[in-house]
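Here the structure is laid out as structure tokens; the discussion comes afterwards.
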Amino acid sequence: MNCGRGRSKRNRTPLGVVMVIIIICFLTPGPQGAALASSGDDNLFVGATIMGVLGTAAIIYAIWENQPSRQGKERLLNGEFYVGGYLGGAITPSQDLRFSNGTTLNGNPGGPSVTVRNNRFDPGVVAGLKLGYFFRSFPYLGLEGETNYSPSQVPRQRVSLNRIIGGSSRATIPNDDWVNWTLALHIVARYGFLPDKEVPFGRLQPYVGIGPGLVIMYEEVDSAKNFALDVMAGVRYMLLKNVSAFVEYKFSQQWDAEIESHAFQANDLTVVRGTAHLDYSSHKFVAGVAYHW
């Protein structure tokens, strides 16, 4: 009788872990509804829907495979699945904002092109979820999809311009709240160290990944959507047969992203407004836990 009860508890453990992850997914904050509505771009909704469908399907599959009635039976999909969550910090280097022809000065069109140099961002936090799969026939290689969310503030600051406007080559950038939301797909390579009977591949697993990303940047008056190169490197340690902890570095690079209706103020209080172009990069350092099945 005692052995039966113990086995039942073990069988329920994966289901409990997956249910906790589902709750985390629902509690994770998303971009503001007003910003989504104002973007007018269905690609954002399509990307979020795809991630939601894939994540939900994987969770349902994990629950089904971990039913007590499935114990000891061959899995329908061989290989190693994992799902995890993480928290950390995000650093955005200073960026040059390039305003093309068509800027407005105090609402009057026909303003000149101008570059704002070294627009500074404050460090922020990042939270994310990931879903991955390593192949059974070649466990060193896998695929991983992830989404992460990182708010960042542009503090009020003095910046330099590449030309004189309002009698000066200096200007003021007002406070502005930016949000970076990333969807990415990685090809992941790993290697295993410290193998044992419980984890034959190795408890210590360094890994690297690279792939395309879709990055949506929100600020107070507009949003920008652009494809990016997404790179990561990390190390995972299997605490238990099915539970790991990991630390990870992430780098994302966009080229020629656009933010419309962006503004700054010249020395004579002239407000310059237009479409800002920038090459946006970010560095993220995170730690998290994952469940493997």
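Among what's in region 248-264 and is in a strand (DSSP E or B) and of a type in the set (A, V, I, L, M, F, W, C), pick the residue that is surrounded by the most Cβ atoms within 10 Å (Cβ to Cβ).
My answer is F264.
Condition first: in contact with a Leu (Cβ under 7 Å, 6 or more places away or on another chain), more than 23 Å from T182 (Cα to Cα) and in a strand (DSSP E or B). Now tell me which residues in region 265-293 satisfy that.
Hit for region 265-293 is V272, nothing else.
Would you mind stating whether S169 is among the polar types (S, T, N, Q) and out of contact with any Leu (no Cβ under 6 Å at 6 or more places or on another chain)?
No; evaluated as a whole, the condition is false for this residue.
Residue check: is F121 modelled with pLDDT of 85 or more and in contact with a Lys or Arg (Cβ under 9 Å, 6 or more places away or on another chain)?
No; evaluated as a whole, the condition is false for this residue.
Can you go through P174, P200 and tell me which one is free of Cβ contacts under 8 Å to residues at least 24 places away in the same chain and on the phi < 0 side of the Ramachandran plot?
It is P200.
In this structure, is A171 within 26 Å of the chain's Cα centre (by Cα) and buried (at least 20 other Cβ atoms within 10 Å of the Cβ)?
So A171 does not fit the description; no.
The rows are residues; the columns are (1) surrounded by fewer than 14 Cβ atoms within 10 Å (Cβ to Cβ); (2) acidic (D, E); (3) within 22 Å of P139 (Cα to Cα).
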| position | (1), (2), (3) |
| --- | --- |
| L194 | yes, no, yes |
| P200 | yes, no, yes |
| G209 | no, no, yes |
| E219 | no, yes, no |
| F246 | no, no, yes |
| A266 | no, no, no |
| G274 | no, no, no |
| V286 | no, no, no |
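Quick one: which residue in S169, S160 is part of a strand (DSSP E or B), of a type in the set (S, T, Y) and touching a residue at least 24 places away in the same chain (Cβ under 8 Å)?
Within the list S169, S160, the selection yields S160.
Can you pull out the residues in region 136-168 that are farther than 30 Å from F264 by Cα, surrounded by 13 or more Cβ atoms within 10 Å (Cβ to Cβ) and in contact with an Asp or Glu (Cβ under 8 Å, 6 or more places away or on another chain)?
P139, G142
Residue by residue through region 174-192, note down the ones that are surrounded by 14 or more Cβ atoms within 10 Å (Cβ to Cβ) and in a loop (DSSP other than H, G, I, E, B).
The one that is surrounded by 14 or more Cβ atoms within 10 Å (Cβ to Cβ) and in a loop (DSSP other than H, G, I, E, B): G192.
Hey, any hits in region 203-221 for a residue that's more than 18 Å from T182 (Cβ to Cβ), among the polar types (S, T, N, Q), in a strand (DSSP E or B) and in contact with a Gly (Cβ under 6 Å, 6 or more places away or on another chain)?
The answer is yes; a qualifying residue exists.
The values are calculated or read from the model by the stated rules, or taken from the named source; none is laboratory data. Note that the structure is predicted; figures quoted are calculated from it, not measured. No Cβ is skipped: glycine too gets one built from the backbone with ideal geometry, and neighbour counts run over all protein chains shown.
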